[in-house]
Amino acid sequence: MPRLANLACWAMVVILWPVPDGLGASTELLRGHVETGADPNPQENAPLTFLTTKGKRVRVAGDLFSNAQLRDPRLTGREWELEGEFGAEGHFEILRLFTMRQGKRHRVTYWCEICYIRSHEPGRCMCCQAETELEEIPEP
């Protein structure tokens, strides 16, 4: 019977063990700018060309929200910091992204003042259809 109690105890340890937030040991940081005009026929989900602060050109791809933020014309020319990893095709797969302002990381969000709804992609509010406001929130 004590052995069963030990197994139950270890099972709880495994279940309650903290799980990483998706950023593994192979996660890398890229800082730089999205190259504008590099793609004459931009597709919504096509990888973008990112010029790092070290002068290297990298193709970057992310989810719907990160692609929409990187393509937001209000953020053209902004310095970005991308967290992610290089995929099999050589693209940098974005896991998290931030704009850089005055040396600090900021999360990009879009806010509807009418409905008090926050989104992570530019466009109209999902409720009232008013245009959302770009907000860059400093990371703590």
- request: Please give the length that would be gained between Arg101 and Glu79 if that part of the chain were fully extended, namely 0.36 nm times their separation in residues minus their C-alpha to C-alpha distance (nm, one decimal).
  value: 7.2 nm
- prompt: With every protein chain left in place, what is the accessible area of Arg107 in Å² (1.4 Å probe, nearest 10)?
  reply: 90 Å²
message: Rolling a 1.4 angstrom probe over the protein chains, ignoring ligands and nucleic acids, what is the accessible area of Phe65 in square angstrom, nearest 10?
response: 90 Å²
query: Taking the simple approach of a point 7 Å from Cα along Cα-to-Cβ for both Ser119 and Glu135, what is their distance in nm?
result: 1.5 nm
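The values are calculated or read from the model by the stated rules, or taken from the named source; none is laboratory data. Fair warning: this is a prediction, and the values are worked out from it, not measured in the lab. Here Cβ is always computed from backbone atoms with ideal geometry, including for glycine, and neighbour counts include all displayed protein chains. SASA here: full protein model, heavy atoms, side chains in, ligands and nucleic acids out. Shrake-Rupley method; radii C 1.70, N 1.55, O 1.52, S 1.80 Å.
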